[in-house]
Amino acid sequence: MSRRTATSGFPSWAFVAFVVNLGHCQPFPGREPNPRMPAKKTAPTAKAKKNESSNPWKQRLAYLDSRVGDMVATIREFVEIESPSDNKLAADRMGALLAGRFQALAGQARVHRCEEYADSIQINFAGRNAAKPVLLLGHFDTVYPVGTLASMPCRVEAGRMYGPGVLDMKSGIALMFYAIEALKVWNGALPRPVTVFLVSDEEVGSYSSRAITERLAKESAAVLVLEPAAGGHGAVKTARKGVGEYFLTVKGIASHAGLDPGKGHSAIVELAHQITAIYKLNNLQQGISANPGIIRGGTRTNVVAAEATVEIDVRIKKATQAAAVDRKLRALKPHDRHCQLHLEGGINRLPMERTPGVAAIYKKAQAVAANINWKLDEAAVGGGSDGNFTAGIGIPTLDGLGGVGDGAHAVHEHIVVSELPRRALLLAGLIETIE
Ligand SMILES: [Zn+2]
């Protein structure tokens with residue numbers, strides 16, 4: 001396993017080149033050819049060449065293009081350390097590697113111990129000024145059990161990189177690394193303080209890390225979440241639905257289905273009534289959905305079932321909908337009065353709403369992207385992330401800044417390699433421009 005440090009990872013000319021270059025509009029010297037980037041189809045005109053060399057953002061992009069090979073190697077290294085949320089031993093290896101990698105960029109790592117899940121990792125970077133830090137938020141746990149690599153090996157095929165967790169969200173962590181590294185190369189130091197927080201239990205609800213995430217967010221000017229981008233065009237996420245998880249248990253009365261059918265009170269029949277009631281909570285126009293996703297119940301066909309359960313996924317669009325949905329679920333009454341209902345769970349993540357603070361960061365992101373003629377779209381999505389927590393407490397948050405690809409949590413999970421440089425550029429530009 002390569003543990004090459006960042007400082008040895010970029011050529012020594014790079015720093016000099018940028019100091020000289022950004023002010024003087026010189027052509028960018030010494031750029032290494034990158035075998036992974038497709039060759040330009042047509043030779044640029046003299047005018048286009050002039051524009052290219054006088055636009056510092058294009059020079060920055062060229063620098064990041066030259067780093068793609070290392071980005072891919074880093075992402076491979078991350079993906080090949082399997083780190084499922086529920087395997088502390090395995091995921092702690094990933095956390096330790098990440099702490100080391102970011103420390104090599106002169107960050108100060110702090111380990112937040114956790115007994116049930118892996119330790120979450122915080123890395124603080126000092127900046128030139130004393131502005132509030134920008135919080136870069138991500139998670140290194142995945143939904144894939146140890147051994148998945150055998151059937152889903154990490155590989156690059158036709159410009160796409162595949163592997164468990166490559167999109168959600170190990171490439172996002174690599175983007176944090178290369179954006180910080182690039183800012184140091186371009187400016188000699190980070191322009192402002194940056195806090196990186198890498199969570200170990202996002203895929204299972206962030207119960208151990210949530211309080212830390214919220215505390216760090218409160219100390220920060222803004223939160224940038226490196227979860228995957230939305231769709232093939234790489235839109236950032238300015239709204240996410242809130243997510244709730246409920247467990248309804250029905251207790252009935254068992255009896256012999258043949259000898260004493262009248263004496264029993266079926267938990268399964270009662271559950272069927274409850275599921276219809278739960279389904280009525282759906283109001284897609286208002287962005288509310290309730291999905292009875294898993295049901296269990298009964299023991300034998302000749303026994304009237306004594307117990308049955310349903311697990312329900314609830315999504316809401318606005319924070320104000322949370323209380324009403326919760327109240328309606330808690331108000332469910334047994335159809336058969338001999339049965340009892342027990343409801344557990346609640347709304348875990350409030351929605352990330354497109355507040356003026358969110359809209360303002362998106363505007364800044366659009367402005368950064370426009371420097372390289374990139375029209376950056378935004379999207380509202382149904383899935384939740386830790387960005388819901390930080391937006392929920394009123395801290396301006398922009399999500400979906402990570403890799404572009406498809407198939408999160410599925411066998412075809414992948415990223416598009418050629419998107420990496422401009423994603424790193426966008427992140428670096430945002431770190432610089434957020435006030
Ligand atoms: Zn994720």
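Quick check: at a probe of 1.4 Å, how many percent of the accessible area of segment 338-435 sits on carbon and sulfur atoms? Its accessible area is 52 percent carbon and sulfur atoms.
Using only the Cα atoms, work out Rg/Rh for the chain, with Rh taken as the Kirkwood radius, to two decimals.
That ratio is 1.06, to two decimals.
Take D168: with every protein chain present and a 1.4 Å probe, its accessible area is about 20 Å².
Across q = 0.08, 0.10, 0.12, 0.17 Å⁻¹, segment 281-435 modelled as identical point scatterers on its alpha-carbon atoms has Debye log10 I(q)/I(0) values of -0.38, -0.55, -0.72, -1.10, in the order of the q list. Our estimate of slack between E80 and N55, defined as 0.36 nm per intervening residue step minus the Cα-Cα distance, is 5.2 nm. Accessible-area rank, largest first, for C114, C339: C114, C339, with all protein chains present and a 1.4 angstrom probe.
Largest first, the residues Y207, Y117 sort by 1.4 Å accessible area into Y207, Y117. In the chain, taking the dipole from charged Cβ atoms about the Cα centre, the farthest positive-side position among L332, L420, I123 is held by L420. Site pair Q108 and T320 shows an inter-label distance of 4.4 nm when each label is modelled 7 Å from Cα along Cα→Cβ.
If you plug the beta carbon distance of Q340 and V204 into 1/(1 + (r/R0)^6) with R0 = 35 Å, you get a FRET efficiency near 0.75.
With 25 Å as the limit on Cα-Cα distance, the pairs of K58/K218; K132/K363; K218/K328; K132/K318; K170/K241; K88/K132 that go past it are K58/K218; K218/K328; K132/K318; K88/K132. Calculate the translational D of segment 112-262 in whole µm² s⁻¹ from Stokes-Einstein, where the hydrodynamic radius comes from the Kirkwood formula applied to all Cα pairs, the temperature is 25 °C and the viscosity 0.890 mPa s. Reported coefficient: 131 µm²/s. The residues of the chain present an accessible area of 45 Å² per residue when probed at 1.4 Å with all protein chains retained.
As I understand it, the value is the acute angle between the Cα axis of helix 56-65 and the longest principal axis of the Cα atoms of the chain; what does it come to in degrees, rounded to 10? The angle comes out near 70 degrees. Placing dummy labels 7 Å off each Cα toward the beta-carbon, the span from I372 to A211 is 4.1 nm. With R₀ fixed at 22 Å, the C-beta to C-beta distance from R354 to Q286 puts the FRET efficiency at about 0.90. Model label points for A277 and L259, set 7 angstrom from Cα along the Cα-to-Cβ axis, are 3.3 nm apart. At a Cα cut-off below 12 Å, give the aspartates and glutamates reachable from K251, other chains included and same-chain residues fewer than 8 away excluded. Within the straight-line limit of under 12 Å, K251 reaches these aspartates and glutamates: E270, E307, D336. Over the chain, what is the relative contact order in whole percent, taking alpha-carbon pairs under 8 Å and six or more residues apart? Once divided by the residue count of the chain, the mean separation gives 20 percent. Across segment 422-432, computed HN-Hα scalar couplings (Karplus, 6.51 cos²θ - 1.76 cosθ + 1.60, θ = phi - 60°) run 6, 5, 5, 5, 4, 5, 4, x, 5, 4, 5 Hz from first to last residue, x flagging Gly and Pro.
For the pair V303 and N129 in one chain, pulling the backbone fully straight at 0.36 nm per residue adds 55.5 nm over the alpha carbon distance.
The values are calculated or read from the model by the stated rules, or taken from the named source; none is laboratory data. Just so we're clear, the structure is a prediction, and the values are computed from it rather than from any experiment. Backbone-built Cβ (ideal geometry, glycine too); neighbour counts: all protein chains shown. Ligands, DNA and RNA are stripped out before the accessible areas are found, and what is left, the full protein with its side chains, is counted by its heavy atoms. Shrake-Rupley method; radii C 1.70, N 1.55, O 1.52, S 1.80 Å.
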